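Structure in structure tokens, see below.
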Amino acid sequence: MKKIAVFTSGGDAPGMNACIRAAVRAGHYYDLEVYGVVRGYDGLINGNFIEMDDRSVSNVIQKGGTILKSARSEEFRTPEGRKKAYEQVKKFGIDGLVAIGGNGTFTGAELFYKEWQIPTVGAPGTIDNDLYGSDFTIGYDTAVNTCLAAIDKIRDTADAHERVFFIEVMGRDTGYIAVRSAIAGGAEMAIIPEDNNNIQAILDRLKNGISNSKASHIIIVAEGDQPGRAAIIANEVKKELPALDSKVTILGHVQRGGAPTAADRVLASRLGLAAVEGLLAGKANVMAGIIDHEIVYTPFIETITKRKPIRTDLVEIVPKLNGRNYKKDN
Ligand code: F6P
């Protein structure tokens, strides 16, 4: 292995730059030539490669977004697109790839390896924390902290006006961001896709709170497969409790930006290094992750097909920390 290339793909996540930096610097530490691919798989297809030196990743560890840009490539989904990418990889003499991204990124990498056998090692970069093979993904901690800053502010106005706030957070079909933000933000409920929360259950909990003199409520809603879900739930609740003064806040893409937290910078640095060391150790078609503080490599096929279940003990913290008001049998 003499030349490697690193790229970011899919939704950007804070800490991706720290991971690029780690891959570039580690590559040089091990005497490799390192290229950056601009715009993810589209850059691979179009031969958008730039040689990276140590200075090209100076001053990026603290920055959100990705200096290599990102894209959700339609063309790479096709065999023709992947063939073009292979031709570019060969043209530049690249021996191995470091792919920083999520589910879609590794689905592409899995196909690419099967068809063209270019070794790829991934690093999990997504705010959703939904990848099997790593306890945490790069960007998740920062996204939760961004949610928390917003929740704290909303709490002030919710309290002042004695209102109910439905705050929608990202996470695709998982409730990781919602549950962690709800615990840290002291919310009354986290409505997550894994929980099949029905409107009646939400109404019951709200009524319990109101009858126990609770004046304001913070309810975190995971977007699930339907962004805008918080507004739908708020409307349903309003039909049954018309006197309730309720508001909806959708946090949206603000969750994807900002300076990565220390936890994300350390995670990204460890995983960028692990990806390069994985390639050097002859690994291919695997994602570097951290489980119980240790680096592990999980085949792409497992990261994309297996589900990482949300911990039920975490989910149960939210109602339990609302005490008597939210007892299931109240
Ligand atoms: O996967 C990261 C994520 O931010 C999800 O939480 C969200 O559902 C999705 O990407 C939004 O994607 P886009 O930026 O393409 O609209």
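The values are calculated or read from the model by the stated rules, or taken from the named source; none is laboratory data. Since the structure is predicted, the reported quantities are computational estimates derived from the model, not experimental observations. All Cβ positions, even for glycine, are placed from backbone atoms using ideal geometry, and neighbour counts span all protein chains on display. What goes into the accessible areas is simple: the full protein's heavy atoms, side chains included, and nothing from ligands, DNA or RNA. Shrake-Rupley method; radii C 1.70, N 1.55, O 1.52, S 1.80 Å.
Output yes when any residue across region 147-158 is of a type in the set (V, I, T), in contact (Cβ under 8 Å) with a residue 24 or more places away in the chain and not assigned by TED's automatic domain parsing to the domain that holds V89, and no when none is.
Yes, that holds for at least one residue.
Looking at this structure, is R205 more than 30 Å from D12 (Cα to Cα) and touching a helix residue (DSSP H, G or I) at 6+ places or on another chain (Cβ under 8 Å)?
yes
Now a separate question. Residue under question is G65, and the condition is that it be at pLDDT 95 or above and at positive phi; does it hold?
Yes, satisfied.
Among the helices (runs of 4 or more DSSP H) contained in region 204-311, which hold 2 or more residues that are more than 30 Å from D159 (Cα to Cα)?
Ranges flagged: 262-280, 300-305.
While we're on this one: Is it the case that G171 is touching an Asp or Glu at 6+ places or on another chain (Cβ under 7 Å) and crowded, with 24+ Cβ neighbours inside 10 Å?
It is true that G171 is touching an Asp or Glu at 6+ places or on another chain (Cβ under 7 Å) and crowded, with 24+ Cβ neighbours inside 10 Å.
If you don't mind, there's one more thing I want to ask. With the structure loaded, tell me whether D195 is assigned by TED's automatic domain parsing to the domain that holds L148, out of contact with any Cys (no Cβ under 6 Å at 6 or more places or on another chain) and exposed (fewer than 15 other Cβ atoms within 10 Å of the Cβ) or whether it fails that test.
No, not satisfied.
For region 1-46, enumerate the residues that are within 17 Å of A281 (Cα to Cα) and of a type in the set (D, E).
Hits for region 1-46 are D31, E33.
Take region 147-164 and flag every residue that is surrounded by 24 or more Cβ atoms within 10 Å (Cβ to Cβ) and either within 13 Å of the ligand (Cβ to nearest atom) or not aliphatic (A, V, I, L, M) (or both).
C147
Which ranges mark the helices (runs of 4 or more DSSP H) fully within region 5-110 that have 3 or more residues being within 22 Å of the chain's Cα centre (by Cα) and either away from the ligand (no atom under 16 Å from the Cβ) or surrounded by fewer than 20 Cβ atoms within 10 Å (Cβ to Cβ) (or both)?
So the answer is 16-29.
Turning to a different aspect of this structure: Checking the structure you have, find out if any residue of region 135-145 is of a type in the set (S, T, N, Q) and closer than 30 Å to R82 by Cα.
Looking for residues that are of a type in the set (S, T, N, Q) and closer than 30 Å to R82 by Cα, one finds at least one in region 135-145, hence yes.
Now for a different question. Which residues, taken from region 216-264, are among the hydrophobic types (A, V, I, L, M, F, W, C), in contact (Cβ under 8 Å) with a residue 24 or more places away in the chain and open to solvent by 50 Å² or more (accessible area, probe 1.4 Å)?
Answer for region 216-264, where residues must be among the hydrophobic types (A, V, I, L, M, F, W, C), in contact (Cβ under 8 Å) with a residue 24 or more places away in the chain and open to solvent by 50 Å² or more (accessible area, probe 1.4 Å): V248, I250, V254, A259, A263.
Working only within region 111-131, note down all residues that are within 16 Å of the ligand (Cβ to nearest atom) and in contact with a helix residue (DSSP H, G or I) (Cβ under 6 Å, 6 or more places away or on another chain).
Once the filter is applied, which keeps residues that are within 16 Å of the ligand (Cβ to nearest atom) and in contact with a helix residue (DSSP H, G or I) (Cβ under 6 Å, 6 or more places away or on another chain), region 111-131 yields G122, A123, G125, I127, N129, L131.
If you take the residues in region 306-324 that are under 19 Å from the mean Cα position of the chain (by Cα) and in contact (Cβ under 8 Å) with a residue 60 or more places away in the chain, which one is surrounded by the most Cβ atoms within 10 Å (Cβ to Cβ)?
Filtering first and then ranking leaves I310.
Take region 159-184 and flag every residue that is small (G, A, S), within 19 Å of the chain's Cα centre (by Cα) and more than 17 Å from G139 (Cβ to Cβ).
A182, the sole residue that qualifies.
Another question about this same structure. Just give me the residues in region 131-167 being under 23 Å from A259 (Cβ atoms) and outside any helix (DSSP H, G or I), in sequence order.
Once the filter is applied, which keeps residues that are under 23 Å from A259 (Cβ atoms) and outside any helix (DSSP H, G or I), region 131-167 yields L131, S134, D135, F136, T137, I138, G139, I167.
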